[in-house]
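Undergrad: One structure, as structure tokens, below. Some questions next.
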Amino acid sequence: MLDWFITLHPVIQATLAGVFTWAVTALGASLVFLFNEVNQKLLDIMNGFAAGVMIAASFWSLLAPAIEHAENNGYGVWSFVPALVGFIVGGIFLRIIDAIIPHLHIGDDRDDAEGVDTNLSSTTLLFLAVTIHNFPEGLSVGVAFGAAALGVESATIASALVLTLGIALQNFPEGSALSMPIRATGASKGRAFNLGQASALVEIIGAALGAWLISEVTVILPYALAFAAGAMIFVCVEELIPESQTNGNKDIATLALLFGFALMMTMDVALG
């Protein structure tokens with residue numbers, strides 16, 4: 001099975017990986033059919049764990065290969081530049097998107113919606129909040145497969161698969177963390193599930209786009225890797241970490257972050 005996967009074009013590999021992360025999100029969202037609401041303590045643990053996974057993935061799967069690629073391609077003492085530029089631009093890009101697209105973080109009141117003023121419902125705003133940060137997750141998977149196809153030493157198919165697995169691990173609780181609050185707003189279970197799973201469809205698009213860009217414009221490889229890292233770190237600091245720390249569960253949420261980081265680091269180093 002793995003031998004067959006390795007022979008595929010990186011865009012197809014990334015697309016299939018994006019479908020997998022979406023499917024895990026859908027599986028998490030399906031819990032809305034079994035439970036009416038998500039426990040706040042559990043939600044904080046989920047957010048902390050997701051942040052840990054994404055922080056670890058940002059370095060070992062994205063920034064480290066970006067720096068190594070620059071070192072091996074004549075940047076010399078300036079090898080840090082592509083990673084620095086890509087990282088900053090990735091964070092700024094997400095900040096701009098965050099300021100433009102109307103959205104509502106889970107647990108906030110409708111009046112706390114961010115982005116441009118809108119009359120969209122709370123349900124739609126919750127959906128948009130998760131969708132915004134799912135895109136860079138998909139993009140990171142795509143550029144990882146693109147980098148592996150180009151032969152970057154620390155960016156292998158194995159490391160790309162580990163990154164995919166790491167994103168999928170945090171997508172499962174994320175799916176339920178969205179579908180259940182939407183259900184709590186009065187939406188039917190079917191609608192809550194549909195919105196929960198649909199929030200991850202952008203990961204498929206992001207994955208395919210990231211791999212295609214790397215394949216077609218190879219010079220942007222280190223910048224693209226760092227861009228995805230900057231975007232993911234922005235999501236962690238702006239959304240996941242604050243949401244995990246404001247409901248009286250900060251200690252266990254912090255431990256969950258450490259566990260998520262350690263798990264992703266271990267998988268990337270041991271398996272990648």
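The values are calculated or read from the model by the stated rules, or taken from the named source; none is laboratory data. Keep in mind the model is a prediction, meaning the values are calculated, not measured. All Cβ positions, even for glycine, are placed from backbone atoms using ideal geometry, and neighbour counts span all protein chains on display. To get the accessible areas, we keep the full protein, side chains included, count just its heavy atoms, and leave off ligands, DNA and RNA. Shrake-Rupley method; radii C 1.70, N 1.55, O 1.52, S 1.80 Å.
Undergrad: With a 1.4 Å probe and all protein chains left in place, how much accessible area per residue does the chain have, in Å²? Could the numbers behind the result be given before it?
TA: Details: 11710 Å² over 272 residues.
The answer is 43 Å² per residue.
Undergrad: Further, regarding this structure: Express the carbon and sulfur contribution to the solvent-accessible surface of the chain as a percent, rounded to the nearest whole number, probe 1.4 angstrom. Provide the component values of the computation, followed by the final result.
TA: On the way: 7980 of 11710 Å².
Percent of accessible area from carbon and sulfur atoms in the chain: 68.
Undergrad: Just to be sure I understand: with springs between alpha-carbon atoms less than 10 Å apart, which residue in Ile96, Ile132, Ile106 has the highest mean-square fluctuation in the Gaussian network model of the chain?
TA: Answer for the Gaussian network model of the chain: Ile96.
Undergrad: While we're on this one: Expressed in nm², what is the orientationally averaged projection area of the convex hull enclosing the Cα positions of segment 63-210? Walk me through the intermediate numbers first.
TA: Details: hull surface 38.4 nm².
Computing the convex hull of the Cα atoms and averaging its projections yields 9.6 nm².
Undergrad: Let me ask something else. Exactly which GluC sites (Glu not before Pro) in segment 33-97 are in a DSSP loop and have at most 12 other Cβ atoms within 10 Å?
TA: Numbers: sites: Glu37, Glu68, Glu71; in loops: Glu37.
Qualifying residues, ordered by number: Glu37.
Undergrad: What is the distance in Å between the Cα centres of segment 220-272 and segment 60-136?
TA: Cα centroid to Cα centroid, the span is 13 Å.
Undergrad: Quick one: the Cα spread of segment 1-67 along its three principal axes, in angstroms, biggest first?
TA: Ordered largest first, segment 1-67 gives principal extents of 44, 30, 16 Å.
Undergrad: In whole angstrom, how long is each semi-axis of the equivalent ellipsoid of the chain, when you take the square root of 5 times every eigenvalue of its Cα gyration tensor and sort them from largest down? Spell out each step's value before the answer.
TA: Values: eigenvalues 191, 72, 61 Å².
Values for the chain, descending: 31, 19, 17 Å.
Undergrad: For segment 130-176, what is the relative contact order in percent, using Cα pairs closer than 8 Å and at least 6 residues apart in sequence?
TA: 29 percent
Undergrad: Kindly rank 188-195, 233-240 from highest to lowest mean number of other beta carbons found within 10 Å of each residue.
TA: Numbers: 188-195: 17.9, 233-240: 21.1.
With the highest mean Cβ count within 10 Å placed first, the list reads 233-240, 188-195.
Undergrad: Take the Cα atoms of segment 146-213, build their convex hull, and give its volume per residue in Å³.
TA: Working: hull volume 5.2 nm³, N = 68.
For segment 146-213, the hull spanned by Cα atoms encloses 76 Å³ per residue.
Undergrad: Highest mean first, what order results for 43-49, 4-10 on Cβ atoms within 10 Å?
TA: On the way: 43-49: 25.3, 4-10: 13.0.
Most protected by this proxy first, the peptides run 43-49, 4-10.
Undergrad: Quick check on segment 15-54: take the gyration tensor over C-alpha atoms, sort the square-rooted eigenvalues as a ≥ b ≥ c, and tell me if it's rounded (a/c under 1.5), prolate or oblate. Numbers along the way, then the final one.
TA: Values: a/c = 5.55, a/b = 1.25, b/c = 4.45.
Oblate, since a/c reaches 1.5 and b/c is not below a/b.
Undergrad: Further question on the same structure: Is segment 1-128 rounded, prolate or oblate when judged by the Cα gyration tensor, a ≥ b ≥ c being the square roots of its eigenvalues, rounded requiring a/c under 1.5 and prolate requiring a/b larger than b/c? It would help to have the intermediate numbers written out before the result.
TA: Values: a/c = 2.23, a/b = 1.44, b/c = 1.56.
Judged from the Cα gyration tensor, segment 1-128 comes out oblate (a/c at least 1.5, b/c at or above a/b).
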